[in-house]
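Some notes on the structure that comes next.
The values are calculated or read from the model by the stated rules, or taken from the named source; none is laboratory data. All of these numbers come straight from a predicted model, not from anything done at the bench. Using ideal geometry, Cβ is built from the backbone for each residue, glycine included, and neighbour counts are taken over all protein chains shown.
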Amino acid sequence: MHNAALAALGLSDWEFQLLPVPPEQFVSSVSALRAAGYRGASVTIPHKEAAFELVDRLTDRAKAIGAVNTLIFEPEGDLVGDNTDAPGFIASLPAAPVSGSTAIVLGAGGVAHAVVWALRDYGVKVQIWNRTPQRAERLAERFGAEAVAQVEAAQMLVNCTAAGLEGDPFASLPISPEQLGDYPIVADVVYHGKPGPLLEAAAAAGAVTVDGMEMLVQQGLIAFEEWTGLEAPAEVMRTAALAG
């Protein structure tokens, strides 16, 4: 996705690389990247909280969310941490959330933190379900949401769990395919490249669906512009992501 964008903009001396980094080598690896002239990095599980602690400066949203997924090495030397998952999620929706509307968030991991913060920032009333109730309660307390043991009808349902990556997602989620008709919008942050079983069932129930691939693209657009200072070629990046 990023290399396709670099090529489209003629940045032939730039390259986006995959760098597998064990947790115990994260701090030293980031220091080496800064010394080697890198402009930034995307940070994935399990490094998002470590990145939060490592940076010199946080964006307001990264500070509020408590996790970093994008590092920016500024020319003057500062290491800045941002969270592009939150605005990427909002940008992936068919329309901006309406204050006072309701949403159910399934899961309480790192992406759920970004999603809940983003929805609450728009004034959405959020209920959180998690397989481990205590995690849902901690997340709800942090962002002024409500932890629930059972889900109810709402304007939006957001799956922030890994359910659906393999097997039947309904085996581990507190919802049936028939209940998906209670949600006008169903979003799944898991990206398959094509609608997974959760979104297939949601579409069959009449919901507007949002695939995690679009969130991946949208958060990538923001990161690309932070690193390069140039407008990201959205369609180039979307096409490349889907092809991948």
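Could you list all residues from the stretch 215-233 that are surrounded by fewer than 15 Cβ atoms within 10 Å (Cβ to Cβ) and touching a helix residue (DSSP H, G or I) at 6+ places or on another chain (Cβ under 7 Å)?
Narrowing the stretch 215-233 to residues surrounded by fewer than 15 Cβ atoms within 10 Å (Cβ to Cβ): 225, 229-231.
Residue satisfying the conditions is 231 alone.
Given the criteria at pLDDT 95 or above, outside any helix (DSSP H, G or I) and either closer than 20 Å to residue 173 by Cβ or assigned by TED's automatic domain parsing to the domain that holds residue 163 (or both), does residue 72 qualify?
For residue 72, the condition - at pLDDT 95 or above, outside any helix (DSSP H, G or I) and either closer than 20 Å to residue 173 by Cβ or assigned by TED's automatic domain parsing to the domain that holds residue 163 (or both) - is not met.
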* Asked: From the set of residues in the stretch 150-175 that are among the hydrophobic types (A, V, I, L, M, F, W, C) and closer than 20 Å to residue 117 by Cα, which is surrounded by the most Cβ atoms within 10 Å (Cβ to Cβ)?
  -> 158
* What number of residues in the stretch 64-85 are more than 20 Å from residue 225 (Cβ to Cβ) and exposed (fewer than 14 other Cβ atoms within 10 Å of the Cβ)? -> 1
* **Hits in the stretch 1-38 - residues which are within 18 Å of residue 232 (Cβ to Cβ), in a helix (DSSP H, G or I) and among the hydrophobic types (A, V, I, L, M, F, W, C)** => 4, 5, 6, 7, 8
* (1) surrounded by fewer than 21 Cβ atoms within 10 Å (Cβ to Cβ); (2) modelled with pLDDT under 95: which one isn't true of residue 212, the others all being true? -> (1)
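Output yes when any residue across the stretch 161-170 is in a helix (DSSP H, G or I) and either charged (D, E, K, R) or at pLDDT 95 or above (or both), and no when none is.
Looking for residues that are in a helix (DSSP H, G or I) and either charged (D, E, K, R) or at pLDDT 95 or above (or both), one finds none in the stretch 161-170, hence no.
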* Just give me the residues in the stretch 129-148 being among the small types (Gly, Ala, Ser) and either buried (at least 18 other Cβ atoms within 10 Å of the Cβ) or closer than 18 Å to residue 175 by Cβ (or both), in sequence order. => 136, 140, 145, 147
* Restricting to the stretch 98-128, what's the tally of residues that are surrounded by fewer than 23 Cβ atoms within 10 Å (Cβ to Cβ), in a loop (DSSP other than H, G, I, E, B) and within 16 Å of the chain's Cα centre (by Cα)? -> 1
* Asked: What are the residues in the stretch 86-97 that are buried (at least 24 other Cβ atoms within 10 Å of the Cβ) and touching a Phe, Trp or Tyr at 6+ places or on another chain (Cβ under 9 Å), if any?
  -> 86
* Of all residues in the stretch 174-192, count the ones that are closer than 28 Å to residue 220 by Cα, out of contact with any helix residue (DSSP H, G or I) (no Cβ under 6 Å at 6 or more places or on another chain) and modelled with pLDDT under 95. => 1
* Asked: Looking at (1) assigned to a helix (DSSP H, G or I); (2) in the same structural domain as residue 220 (by TED's automatic domain parsing); (3) of a type in the set (Gly, Ala, Ser), which is the one condition that is false for residue 91?
  -> (2)
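Looking at the stretch 216-237, can you tell me whether even one residue there is among the aliphatic types (A, V, I, L, M) and over 20 Å from residue 90 (Cβ atoms)? First the steps, then the outcome.
First, pick out the residues of the stretch 216-237 that are among the aliphatic types (A, V, I, L, M): 216-217, 221-223, 230, 232, 234, 236-237.
Then keep just the ones that are over 20 Å from residue 90 (Cβ atoms); that gives 230, 236.
Yes: the stretch 216-237 contains one or more residues that are among the aliphatic types (A, V, I, L, M) and over 20 Å from residue 90 (Cβ atoms).
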* To do: Considering (1) of a type outside the set (Phe, Trp, Tyr); (2) part of a loop (DSSP other than H, G, I, E, B); (3) under 30 Å from residue 226 (Cα atoms), say which one residue 142 fails and leave the rest.
  => (2)
* Which numbered condition residue 31 fails, given (1) surrounded by fewer than 16 Cβ atoms within 10 Å (Cβ to Cβ); (2) of a type in the set (Ser, Thr, Tyr); (3) in contact with a Ser or Thr (Cβ under 6 Å, 6 or more places away or on another chain) -> (3)
* Among 157, 242, 180, which is in contact (Cβ under 8 Å) with a residue 12 or more places away in the chain, part of a helix (DSSP H, G or I), under 21 Å from the mean Cα position of the chain (by Cα) and over 30 Å from residue 74 (Cα atoms)? -> 242
